[in-house]
Amino acid sequence: MFDDLKNFFAKLFAFDLFGGKKKLKLGLYGPPNAGKTSLANRICQDWLGEEMGAVSKVPHETRHVQEKEKVTVESGKKKLTFNLADTPGIATKIDYEDFIKKGMKKKEAQERAKEATKGIIESIKWLDDMDAVIIVLDSTIDPYSQVNITIIGNLAARDIPVLIAANKVDLKKSDIKKIEAAFPQYPVIGVSAEYGDNVEGFYEELTGLMK
Amino acid sequence: MLTLQYVPSDELINLDSERKVGKLLKIIKQDKIVLMEGRLSSKEEAELIEKTMEEIDRKFKGIEIASLEPQIKKDFASVLRDSIFKMFFGNKRGMTVMGPANIIKEIKKDPNKLQLYTSNRRGRK
């Protein structure tokens, strides 16, 4: 109850002293290696001409929230300006030995694991600051994971608008219908952040997200 | 040997979220698999993930968790009945399985089915 009131007043007073609503904050959330930073890079390259951050096949490459300010996306007659936040992937377990299997040295792997745990905590804390969220899911992977359900449940509880980007549609195993069936209450748009497949459709959905 | 510990909702209903999460993690860190009646709220699940991340070290690698919950009809009467039930008796619907990630390698979930993949010295089971 207290949290609901806090959120209500936070949204009510989301104006700066000199008029005008504060910048809309749009977050990219999802499990590790779903392609959040690839999608952030795609958006930032298309509309700012610069990248957000480094991508890697090793999970937890993004271990701190990264932000780009004043991104304006246009699609047809619609336009949306926001600050974009790319968040570390949320997981329930981190094992440094998994990083060693990917070719890292023990010390480096342990450091990455430590930073990854902090990144996950940071991601969860940032949920309170978001005005809208794109959940990025790997469309080749089973969507019924508890992490996905927890993220979506928390956004629903905060009444935050959500768009689900079913990423990696360029891959054969991609199954958007499974994601649509798992989360029927939210719009799902297939996209390939890496190759740009259906990125126009993605921008159309995105600009219609805040009504 | 695997130990499964049943946690009825009555044991958790009067605890605040911090103590609830603490109690569940304490059981998990004893290398037991928790079978919990009902499920945590989304906020409590997020707190459980945060607390888990704080406690990860060389021995404790984190948790695996999955819940099953019956589908509630979306008509007004069903939603109202469900909300009132939750208000008085907590979220007793469904069940949640959670355990240490060094024992549960993966939980596969279909809407009405959970499959736990555990590991032992002989490999995946």
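Overview of values
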read-out: Calculated FRET value between A:Leu48 and A:Lys107, using beta carbons and R₀ = 35 Å, to 0.05; value: 0.45
read-out: Exposed chymotrypsin sites (Phe, Trp or Tyr not before Pro) absent: longest stretch of chain A, with sites in DSSP loops and at most 12 other Cβ within 10 Å deemed exposed; value: A:19-211
read-out: Principal axis box of the range B:4-120, alpha-carbon based, largest edge first, Å; value: 50, 30, 22
read-out: Net charge dipole size for chain A [Lys, Arg +1 and Asp, Glu -1 on Cβ; Debye, nearest 20]; value: 240
read-out: At least 40 Å² of accessible area lost relative to the chain alone, listed for the range A:150-173 with a 1.4 Å probe; value: A:Thr150, A:Asn154
read-out: Low-density loop positions, trypsin sites (Lys or Arg not before Pro), the range A:157-203 - DSSP coil, at most 15 other Cβ in 10 Å; value: A:Lys172, A:Lys173
read-out: With every protein chain in place, chain A: carbon and sulfur % of accessible area (1.4 Å); value: 53
read-out: The range B:4-120 - accessible surface per residue (Å², probe 1.4 Å); value: 55
read-out: Simple label model, 7 Å out from Cα along Cβ direction - B:Gln115 to A:Glu97, nm; value: 2.4
read-out: Enclosed volume per residue, in Å³, of the convex hull spanned by Cα atoms of chain A; value: 139
read-out: Per residue accessible area of the range A:136-191, 1.4 Å probe, in Å²; value: 42
read-out: Cα shape, the range A:156-211, gyration tensor, a/c 1.5 rule; value: oblate
read-out: Within 10 Å of each Cβ in A:112-123, the average number of Cβ atoms from other chains; value: 3
read-out: Over 31 Å between alpha carbons, listed pairs B:Lys26/B:Lys109; A:Lys178/B:Lys43; A:Lys25/A:Lys77; A:Lys125/A:Lys178; A:Lys168/B:Lys23; A:Lys70/A:Lys106; value: A:Lys168/B:Lys23; A:Lys70/A:Lys106
read-out: Accessible surface buried upon B-A contact (total; probe 1.4 Å; Å², nearest 100); value: 2100
read-out: DSSP-assigned coil residues among trypsin sites (Lys or Arg not before Pro) in the range B:26-63, each with at most 11 further Cβ atoms within 10 Å; value: B:Arg58, B:Lys59
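The values are calculated or read from the model by the stated rules, or taken from the named source; none is laboratory data. Since we're looking at a predicted model, the values are computed, not measured. Don't worry about glycine lacking a Cβ; one is built from the backbone with ideal geometry, like all the others, and counts go over all protein chains shown. Surface accessibility is based on the protein's heavy atoms, side chains included, excluding ligands, DNA and RNA. Shrake-Rupley method; radii C 1.70, N 1.55, O 1.52, S 1.80 Å.
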